[in-house]
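First the structure, in the form of structure tokens, and then the observations on it.
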Amino acid sequence: MKINLICIGDELLIGQVINTNASWIGQFLNQFGFNINCTFTIGDSHQEIYSTLKIAFESADLVITTGGLGPTRDDISKKAIADYFGLGMTFHQQTWDRILDLFTKRNIPISEQHREQCLMPDGAEVLENGMGTAPGLWLEKQGKHCIMLPGVPYEMQHLMERHVRSGLISKFQSDEYFEHTFHTVGTGETVIADHIQDFEDSLGDKAGIAYLPGTGQVRIRISQRGGLKVTFENNRDKLGKLIQQWTYGENGESLESVVGKLLKENGLSLVLAESCTGGLISHKITSIPGSSAYFKGAAITYSNEHKMQVLGVKSETLKQYGAVSEQTVTEMVRGALDHLEGDIAAAVSGIAGPDGGSEEKPVGTIWIAVGNKQQIKTISFLYMKDRERNIQYAAVQALNMIRKFLIAVYLK
């Protein structure tokens, strides 16, 4: 079963909107055994849509389109697709009734363009959109299928989850698909790939491993299409043992959620003292629902004056060693423990760039400290990327250091 994807919209081509739909659809379909063969990104042009459909159907039995289903003048996908299939357009009363009911309740004016939005290609199955006014459509003619979805991401996702998944499974035979993802931190994909090369070479044709790197982290996905479930489970467990030294979570777990779980299970509270990360670590921690149970707060001490005033860092320490030093982050941790009153504290100070570096401390130099009243651990690293990546990397390393400290000290 080959599937091609066409993403429609001038805004995608000029970079005004990032095409997140393509990656989301690819991942979503992959979960139940379907893969995108090829993705096209085109503008709001009748001719472009028509000609791209012709190319897409040459190598696929199913084409999914996103975009161009709304009420404005540039929403021309339905007409172009109807013309491609040689179909007329019919007014869909149920969609019109739904729009009338929705707009009347909200006192929204209704225009003629909304009526035109209710014109559908003859014979198309209408997929009700519970998140918007533009329904999805499913066309089938001479063994070729076309699924039309809105370009708004949350509307598209709603239709994929509510209608498209069940339709694909019922209409097309798919091999059973298995996958499992390990989340690692602390080393790069090349090191991991070298470490598991023999194991990867031993996998049969049905199974494979994908390396999905991010800033400071790598996701390792093992998958199998067809074959026995027990075979997949055995390979999954073997891989897990091989990379356990770097693994912090599995299947969607984030580093911040794992840290939160460890804090909560041990009845501990966390406080932070952030400098170069500017609150990013706090943001990651508080992005987890229920984080108020273990996160008490943070001090964003960006200047030396605030490091002294808020956290009690000594002026002598800053003068002798500088803000980016082991001595300073150690005092930041002590100050956070004393003034913010947490069980565990972490502190980060660094030179994110692009300016501020020196020969002794180049841009990308980061110091991190994590500790409690009894002991403090420190680490430094040099991550010579751009400012944004240096900050992101520092946040990841700080979270991982908190995780490792909790395991070493509280899970003996």
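The values are calculated or read from the model by the stated rules, or taken from the named source; none is laboratory data. Keep in mind the model is a prediction, meaning the values are calculated, not measured. Cβ coordinates were reconstructed from backbone atoms using ideal geometry, including for glycine residues, and neighbour counts include every protein chain displayed.
Side notes on the structure shown:
- Filtered residues of the range 177-198 (kept if in contact (Cβ under 8 Å) with a residue 24 or more places away in the chain and either under 20 Å from LYS404 (Cα atoms) or assigned to a helix (DSSP H, G or I) (or both)): PHE182, HIS183, THR184, VAL185, GLY186, THR187, GLY188, GLU189, ILE192, HIS195
- Residue match in the range 296-307 (condition: closer than 27 Å to ALA408 by Cβ, in the same structural domain as LYS261 (by TED's automatic domain parsing), in contact with a Leu (Cβ under 6 Å, 6 or more places away or on another chain) and in a helix (DSSP H, G or I)): no
- Answer residue from the range 289-309, given it is buried (at least 19 other Cβ atoms within 10 Å of the Cβ) and among the hydrophobic types (A, V, I, L, M, F, W, C) and is farthest from LEU263 (Cα to Cα) among those: ALA299
- With respect to the conditions (1) without any contact (Cβ under 8 Å) to a residue 60 or more places away in the chain; (2) part of a helix (DSSP H, G or I), ILE169 lacks only one, and its number is (1).
- Among the residues of the range 239-285, just one is touching a strand residue (DSSP E or B) at 6+ places or on another chain (Cβ under 9 Å), outside any loop (DSSP other than H, G, I, E, B), farther than 16 Å from LEU406 by Cβ and without any contact (Cβ under 8 Å) to a residue 40 or more places away in the chain, namely SER282.
- Tally, over the range 314-336, of residues that are in contact (Cβ under 8 Å) with a residue 12 or more places away in the chain and within 15 Å of ILE368 (Cα to Cα): 14
- Residues in the range 105-131 that are outside any loop (DSSP other than H, G, I, E, B), of a type in the set (D, E, K, R) and modelled with pLDDT of 95 or more: GLU125 only.
- Inter-residue pairs, beta-carbon under 6 Å, first within 10 Å of THR181 (Cα to Cα) and in the same structural domain as LYS241 (by TED's automatic domain parsing) and in the range 199-213, second in a strand (DSSP E or B) and hydrophobic (A, V, I, L, M, F, W, C), 6+ apart: ILE209/ILE222
- THR133 assigned by TED's automatic domain parsing to the domain that holds ASN30 and either on the phi < 0 side of the Ramachandran plot or within 27 Å of the chain's Cα centre (by Cα) (or both): yes
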